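Trainee: Got a structure for you, written out below as structure tokens; questions coming shortly.
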Amino acid sequence: MSASPTQGCVIPAIPMNESERQAALDDLKLIDSPQEERFDRIVQLAQLLFRVPIAYIALIDKDRQWFKSKVGIEANETSRSVSSAVMPFWRTRRWWCRMRCKIIALRGTRWF
């Protein structure tokens, strides 16, 4: 018996403020914009800090997840339904404490 690629996955819900969120994203004019070093540096830092093979900054458009910067993946975009951007891991106090300690440790390096 083979498993479906989405079996066990939760498809992200559309936020209640979706129209405002989309308008704010459109105002930024970042979707489909050229690659920028400032975003690439953030992604490289995240990959280094968390010792992961894949890191990216994704913007969630109407029906897609578009990668402003990425390391370790080839795709420029994916379907919104496979986006993990709705996971609120950044809100946990433990995550913030770990991130702050790592940033402090990197001060004076080429990252800061």
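Here, each number is a calculation from the coordinates, and none is a lab measurement. This is a predicted model, so every value here is computed, not measured.
Trainee: Residue by residue through region 58-69, which ³J(HN,Hα) values in whole Hz follow from phi under the Karplus form 6.51 cos²θ - 1.76 cosθ + 1.60 (θ = phi - 60°), with glycine and proline marked x?
Mentor: With coefficients 6.51, -1.76 and 1.60, one gets 10, 10, 9, 8, 3, 9, 8, 10, 10, 8, 5, 8 Hz.
Trainee: Relative contact order, percent, of region 18-83 when contacts are C-alpha pairs under 8 Å separated by at least 6 residues? Before the final figure, lay out the partial values.
Mentor: Working: 83 pairs, mean separation 18.3, N = 66.
Here the relative contact order equals 28 percent.
Trainee: Note the full-extension length gain between Asp40 and Asn17 as 0.36 nm times their separation in residues minus their Cα-Cα distance, in nm to one decimal. Each step should come with its number before you reach the end.
Mentor: On the way: separation 23, 0.36 × 23 = 8.28 nm, distance 2.89 nm.
That pair, Asp40 and Asn17, stretches by 5.4 nm at full extension.
Trainee: Could you run the Karplus curve 6.51 cos²θ - 1.76 cosθ + 1.60 with θ = phi - 60° over region 27-36 and give me ³J(HN,Hα) per residue in whole Hz, x for Gly and Pro?
Mentor: 4, 5, 6, 9, 4, 6, 7, x, 4, 10
Trainee: Return the long-range amide H neighbours of Arg64 (sequence gap of 5 or more, or a different chain), with a cut-off of under 5 Å between placed amide H atoms.
Mentor: Distant-sequence amide H within range of Arg64: Arg80.
Trainee: Okay, next question. Report the full-extension gain for the segment Asp32 to Val71: residue separation times 0.36 nm, less the Cα-Cα distance, to one decimal in nm. Intermediate values should be presented prior to the final figure.
Mentor: On the way: separation 39, 0.36 × 39 = 14.04 nm, distance 1.72 nm.
Here the answer is 12.3 nm.
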